[in-house]
Amino acid sequence: MKKNFRLIIIPIILISIFVVLHVVGQVKWKETDYLSFGMIVLTYFYVIFTWEMLQRIETQNYLEKRPYVIADFYKERQVLKIYIKNIGKTPAKNVKVILQPDIITFENKSINQTLFENPVQFFPPGKKVETAINSRNDFFKNEKNRNYQIKIHYEDVASNNKFNEVIDIDLDHLENENDIITKTTHDLVKSIDKLTQEIKKK
């Protein structure tokens, strides 16, 4: 709003001066002079609005192409995990993630001092980094806190623009989710091996 006001203040001042001079009889213009003056003012606004539109298009194009680094928790086969991923269309660099409060994994290691300890120097589009935290049951049995904040700091490789994302997450929904247990090829092979061993015993 302030920017738009600064852009129109110049023609407003010129028009005001012209009106004052005209009232006191200091300006004697022909009809063509009035027309030319009006065309100058209109041309000025046209140039300004065209420039603003191009700026908005450029900004929109950049927002569509810039890196977007996100982080979240999810549950896979009763294991609670955390991940960071670049869902943008361009690479990010110097990606630093801070989890508050910190979480101790099943290996008795801090998330902030392991996975998120050092900045990731290069993070291309589509890249995903994740780690297992603990089994869902053990995590929610031991952790009373359900609210976490993830702060992500990173830069755009192309423009060096810096971004700071803050994500607030409530994990209550993960505690109450129910899984449909599905068997993978690995589970099937284990079942066949177990059955084979049982047959051999007989």
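The values are calculated or read from the model by the stated rules, or taken from the named source; none is laboratory data. Everything quoted here is computed from the prediction, not taken from an experiment. Don't worry about glycine lacking a Cβ; one is built from the backbone with ideal geometry, like all the others, and counts go over all protein chains shown.
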- Considering every residue within the range 114-128, establish whether at least one is in a loop (DSSP other than H, G, I, E, B), within 16 Å of residue 83 (Cα to Cα) and either of a type in the set (Ser, Thr, Tyr) or not assigned by TED's automatic domain parsing to the domain that holds residue 77 (or both). yes
- Message: Out of everything in the range 69-100 that is assigned to a strand (DSSP E or B) and touching a helix residue (DSSP H, G or I) at 6+ places or on another chain (Cβ under 9 Å), what residue ends up being nearest to residue 123 (Cα to Cα)?
- Response: 73
- Task: Answer yes or no as to whether residue 134 is within 26 Å of residue 176 (Cβ to Cβ) and crowded, with 17+ Cβ neighbours inside 10 Å.
- Result: yes
- Message: Kindly evaluate residue 83 against the criterion of being in the same structural domain as residue 129 (by TED's automatic domain parsing), among the hydroxyl-bearing types (Ser, Thr, Tyr) and either at pLDDT below 95 or under 19 Å from residue 151 (Cα atoms) (or both).
- Response: yes
- Task: Keeping to the range 144-202, report how many residues are assigned to a helix (DSSP H, G or I) and either within 27 Å of the chain's Cα centre (by Cα) or at pLDDT 90 or above (or both).
- Result: 4
